[in-house]
Structures are given as C-alpha cells and as structure tokens.
Amino acid sequence: MRHKFLFFILSLTWGLPMTFIGMVAAVALRIMGHKPKKWGYCYYFEVGEDWGGVNLGPIFITSQNPSEHTKNHEVGHAIQNCLLGPFMPFIVSIPSAIRYWCRRWVVDNGVVNSDDLPEYDSVWYERDATKFGTEFMQWYNNNTK
C-alpha cells in the first residue's frame, strides 16, 4: 500500500506536469465515451488501432487490444515520470514521441524495412521504461493478490 501512496504522491507533486496533461486527456476521453481500464497503479484508455501507446503520468493511452508488453512499457514511463518529474517531457516524452513517429514514417513510406531499424529499446529511455514496467508488474502481480 505504501508503494501505491508513494506513486500517486510523486505523480501529483514532482510529476505533476505530465499527470495534469493525463488528467485533462482522461476527462476528454471520458466525455467522448471511452472507459478507462486499470494496469498496475495506472489507468489507461484504448483509442484507435495499430499505433502503440503514449504515457501521460499515471494515465496512458494505447491502441485497441494492447499487448502486455505495451502496457508494461507505458507503466515504466509512469515510473520514469515519478523519477524525472518536470523534466520528463523534455528528457523522455517528447524525444520518445518524435522517435516513435519518425520510425513509423520511414517504415510506412518504404524508406526502410522495419527489420533494418535498431531495436525499439535500443535507446536508454525506452529500454528503462520496458525494464521498470516489466519489473514493477512482476512485483505487483506477486504482491497484490
């Protein structure tokens, strides 16, 4: 229980910039009729198809039917938000979004084959998000049942 308390205290203080954006997005998505789901301590919405996910503090948005890997990865970004706080948008979120959409564009436009790109987790902030989220969800599943 104290882990959950710490996660939300950090999200609502040090990580407030991304959390605020996430809350605004959550309200907008609820108004549009989307229902949130829970993954670990985070809440997420499924919107659209075939695009991955975006983290907004303790809220994240994914395409429909996300993989466990994608959900864990987005939880990892929520943990990064607790660690990096107001620096999160500049150190992780914006670079991650630009990198994702550039990779997507070059593949969709036939510039390169997706197999020719470096692994998605080859950059530190993506690798750490996957590691943090996967390890947290293993802990969560073993300790909250």
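The values are calculated or read from the model by the stated rules, or taken from the named source; none is laboratory data. Since the structure is predicted, the reported quantities are computational estimates derived from the model, not experimental observations. Backbone-built Cβ (ideal geometry, glycine too); neighbour counts: all protein chains shown. SASA here: full protein model, heavy atoms, side chains in, ligands and nucleic acids out. Shrake-Rupley method; radii C 1.70, N 1.55, O 1.52, S 1.80 Å.
Checking every residue in the range 61-74 against the condition of being part of a strand (DSSP E or B) and surrounded by 20 or more Cβ atoms within 10 Å (Cβ to Cβ) gives at least one match. When the range 1-27 is filtered for residues that are under 14 Å from residue 45 (Cβ atoms), within 15 Å of the chain's Cα centre (by Cα) and hydrophobic (A, V, I, L, M, F, W, C), the ones remaining, listed by number, are 21, 23, 25, 26. Only one entry of 95, 118, 86 meets the criterion of being under 18 Å from the mean Cα position of the chain (by Cα), farther than 19 Å from residue 53 by Cβ and open to solvent by less than 90 Å² (accessible area, probe 1.4 Å), and that entry is 86.
Determine whether residue 17 is modelled with pLDDT of 95 or more, surrounded by fewer than 19 Cβ atoms within 10 Å (Cβ to Cβ) and in contact with a helix residue (DSSP H, G or I) (Cβ under 8 Å, 6 or more places away or on another chain). Considered against the rule, which asks whether it is modelled with pLDDT of 95 or more, surrounded by fewer than 19 Cβ atoms within 10 Å (Cβ to Cβ) and in contact with a helix residue (DSSP H, G or I) (Cβ under 8 Å, 6 or more places away or on another chain), residue 17 comes out as yes. The set of residues in the range 84-125 that are of a type in the set (A, V, I, L, M, F, W, C), in a helix (DSSP H, G or I) and either out of contact with any helix residue (DSSP H, G or I) (no Cβ under 8 Å at 6 or more places or on another chain) or free of Cβ contacts under 8 Å to residues at least 12 places away in the same chain (or both) comprises 87, 90, 94, 97, 98, 101, 102, 105, 106, 107, 124. Whether a residue is modelled with pLDDT of 95 or more and surrounded by fewer than 15 Cβ atoms within 10 Å (Cβ to Cβ) was assessed, and residue 101 does not pass this test.
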